[in-house]
Amino acid sequence: MSAPTATTQRHRKFQWPLLFILAGFWVLFWGSVTPGTVVSGLAVALFVVMVYPLPPIVFDGTIHPVGMLRLIGRFLTDLVVASIQVAGMVLRKEHPTSAVIQVDLRSQSDLYMTLTGELLTLVPGSLVVEARRSTRTLFMHVIGIRDEADAERFRQAALDQERRVVFALGSQAELAAYREREEGERR
Amino acid sequence: MTWPVIADIITSVCVLTGALLSLIAAVGLLRFPDLLTRMHAGTKPQVLGLLLILVGVGVQFGGPDHIGMLFAVAMFQLLTAPISAHMVGRAAYLYRHVHEEYLVIDELMPVMGDGAE
């Protein structure tokens, strides 16, 4: 908010990838690839991209198959385990306590920050209350936290989630920068 | 056992488990004390619940165009559910719709004023 010019500049660039992604989804929803669905999909996508401009997604990494499989596999396991845990909390007699926990991420990318936040929010029991782009900080509301030890365990789990995202998509430079941050924190 | 029978069994298990998770989400919505904890109950077990129901439907219908559509539904749900959870959760937090006695740690309140981007 402090620098409106920078924000508008980031918004101004036309986003071709988003156009095709949106049109692709439109065709998927219609369930068949015909000239009609493709053309109408492109028209709707063009409207959305022009009327609701968003900052471009900066991505210069590659998809690492092993890292990607690990990310998806671990996410699905987390989803099942956490769903059962939250279901347990719902059915138990006493109300669970919760906490708002600060997580300082290590990567320096909007995309990885967004993906980490999305994945953490999708897994039951935690959701992003506040995100700060300038310091790469997520504030998460987490259910079932009783004390500082629980909070620390969650913080570690959140950083592990970010690590899996970076190692699934990061470029060599990003991976190196990430490892350096990690080493620096350990010292 | 032939494929239709196996498909029926997979579908029954998936759809019933999915429905159960959605039911538990509804119970949580009624039982939990404040908006933020209700968000957890309301938005989450239902994510897995919906995915299971979609798998159940996919097994019955098969075919690339059905699978494509189910995949699109799943992706949209996965992309949009966190956004709405975040927006509602953020508003609830900022307006202090929080039961303090259930919030054991709060690391955001002390730094609320500074660096808002």
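Some values worked out for this structure:
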read-out	value
Complete set of residues in segment B:42-71 that are farther than 30 Å from B:THR2 by Cβ and part of a helix (DSSP H, G or I)	B:GLY42, B:THR43, B:PRO45, B:GLN46, B:VAL47
Top-ranked residue of segment A:37-54 - restricted to ones that are surrounded by fewer than 14 Cβ atoms within 10 Å (Cβ to Cβ) and at pLDDT below 90, ranked as nearest to the chain's Cα centre (by Cα)	A:LEU54
Qualifying position, being away from every other protein chain (no Cβ under 11 Å) and charged (D, E, K, R), among B:ARG31, B:ARG96, B:ARG90	B:ARG96
Every residue from segment A:75-95 that is more than 7 Å from every other protein chain (Cβ to nearest Cβ) and surrounded by 20 or more Cβ atoms within 10 Å (Cβ to Cβ)	A:ALA82, A:MET89
Number of positions in segment A:29-83 that are small (Gly, Ala, Ser) and within 17 Å of A:THR116 (Cβ to Cβ)	4
Qualifying residues in segment B:13-28 (those that are within 11 Å of another protein chain (Cβ to nearest Cβ), among the aliphatic types (A, V, I, L, M) and surrounded by fewer than 18 Cβ atoms within 10 Å (Cβ to Cβ)) - the one nearest to A:LEU79 (Cα to Cα)	B:LEU20
Verdict on A:VAL81 being part of a helix (DSSP H, G or I), assigned by TED's automatic domain parsing to the domain that holds A:ILE143 and β-branched (Val, Ile, Thr)	yes
Failed condition for A:SER134, given (1) hydroxyl-bearing (Ser, Thr, Tyr); (2) under 17 Å from B:PRO82 (Cα atoms); (3) over 14 Å from the mean Cα position of the chain (by Cα); (4) surrounded by fewer than 22 Cβ atoms within 10 Å (Cβ to Cβ)	(2)
Checklist (1) free of Cβ contacts under 8 Å to residues at least 60 places away in the same chain; (2) away from chain B (no Cβ under 13 Å); (3) assigned to a helix (DSSP H, G or I) applied to A:GLY67, failing item	(1)
Among the residues listed as A:GLY125, A:GLY117, the single one being of a type in the set (Gly, Ala, Ser) and farther than 23 Å from A:ASP60 by Cβ	A:GLY125
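The values are calculated or read from the model by the stated rules, or taken from the named source; none is laboratory data. Quick caveat, the model's predicted, so the values are computed rather than measured. When we count neighbours, we look across all protein chains shown, and the Cβ atoms used for this are built from the backbone with ideal geometry, even at glycine.
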